[in-house]
Ligand SMILES: [Zn+2]
């Protein structure tokens, strides 16, 4: 089912026509004539001890140098600078203008910069933070083709021997011409995750991360979510239709084999390991901020107290909060009456929010105002907008005592267990 990718036909294809490896993993191929074209590379990875994370998305091009391809950063975030080499990929075969390339050999380093970021912890100038880590004992797991996106899965080990699974999505880069980026001028009144800063119009520009509201925003419930909880998760997703005043958000059941991260679906995954908290990750177009993939993880232990109805009301709040992150929203920990699901609350207030969502009550005022402003271009009445503050801003702490929040690290620490990141 077509959900996410609207890229035109890519030139990278997985083909079994040339299979040099004994493993039987097909070779990724690239047409010689398309080397200078722009591609979008998105990377995520899973580590047993840390959980899931994303890496900064890049617009890239390829340049041939003898028997290798250099993958160059074409994001052009710092006007005028020459593009850096992100990877050197061996060419294994060459027939009729088509190059068979060894992605497993070439993709040997993970950029630690997460895809979503915020000016409060990254800044409004691109630092090209070069933090990365190497992948050892790399093995290709699969190469597959999802519409026009090439998906390469790789197993490896980190320097200290920890197993890691890395997911690469590579596609021709064709940003939607009708997508309207939303420029974030500051984080004083409301907060969205932001693109890394780009040098545009003689200044640094940051865009909000958001879905394209011109098409359905579809979340897929993992088959691992028990039947008795599914309608509550659905309610939590559809809360945002109340906020938007549209029916842009839709919920479907993911096919049984699909789990997060998925290149095809925005999966809401049931996390049973308990290794990390409920959390959300987005991967966006690094130039426009359009969210192209969302991966939501819900830890059911968080709402284990109470009877089934209370658990489900708790879950409605958790799902609404995590889908809020998946729509690009940052936390809002400003004190006062509940004006948003993007804060933390004590249990009675959580249950009240859940009951309201169950009853189909109007969305909370902060949520309504800012999603309509950022997604739909509705004017923002600053005088009526509830107060705002977010992670890492001075003096901004959640109502509920928290050891750690996901504003920066996505609940990747076990310390965050029990929180609704
Ligand atoms: Zn959160």
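What follows is calculated from the coordinates using simple rules that are stated; it is not laboratory data. Please read all numbers here as calculations on a predicted model, not as lab measurements. Note: ideal-geometry Cβ built from the backbone for every residue, glycine included; neighbour counts use all protein chains shown.
Measure of size requested: the Rg and Dmax of region 198-416, with Cα atoms as the atom set and Å as the unit; please supply both.
My reading of the Cα-based Rg and Dmax gives 16.7, 58 Å.
What is the Cα radius of gyration of region 13-172 over 2.2 N^0.38 Å, N being its residue count?
Normalised Cα radius of gyration, region 13-172: 1.05.
Using only the alpha-carbon atoms, how far is helix 227-244 inclined from the longest principal axis of the chain? Give it as 0 to 90 degrees, nearest 10.
So the helix axis and the longest Cα principal axis differ by about 90 degrees.
Given the options 336, 377, 324, which has the most mean-square fluctuation in a GNM of the chain, springs set between C-alpha atoms less than 10 angstrom apart?
Ranking 336, 377, 324 by mean-square fluctuation puts 336 first.
Report the rotationally averaged projected area of the chain based on its alpha-carbon convex hull, in square nanometres.
Averaged projected hull area, Cα only: 20.3 nm².
For the chain, take the longest principal axis of its alpha carbons; what is the angle in degrees between that and the long axis of helix 365-376, to the nearest 10 within 0 to 90?
30
If you count, for each residue, the other Cβ atoms within 10 Å and average over each peptide, how do 292-300, 92-100 line up from highest to lowest?
Sorting 292-300, 92-100 by mean packing, highest first, produces 292-300, 92-100.
Give, to the nearest whole percent, the P(r) tail of region 257-345 beyond 20 angstrom, counting all Cα pairs.
42
Can you tell me which of 270, 240, 199 moves the most in a GNM of the chain? Springs connect C-alpha atoms under 10 Å apart.
In this elastic network of the chain, the residue with the biggest mean-square fluctuation among 270, 240, 199 is 199.
Based on a Kirkwood Rh over C-alpha pairs, give the Stokes-Einstein translational diffusion coefficient of region 301-400 at 20 °C and viscosity 1.002 mPa s in µm²/s.
For the chosen part, D equals 151 µm²/s.
Divide by every residue of the chain the summed helix terms, -39500 (n - 2.57) for each DSSP H run of at least 4, and state the resulting mean residue ellipticity at 222 nm, rounded to the nearest 500 deg cm²/dmol. Walk me through the numbers on the way to the answer.
Details: 6 runs with 69 residues, N = 421.
So the calculated ellipticity at 222 nm is -5000 deg cm²/dmol.
Along the Cα→Cβ direction, 7 angstrom out, place labels at residue 105 and residue 125. What is the inter-label distance in nm?
4.1
When the chain is modelled as a GNM with alpha-carbon springs shorter than 10 Å, which of 335, 140, 348 fluctuates the most?
348
Taking the chain as the reference, fit the longest principal axis to its C-alpha atoms, fit the long axis of helix 308-326 to the helix C-alpha atoms, and give the angle between the two in degrees, 0 to 90, nearest 10.
50
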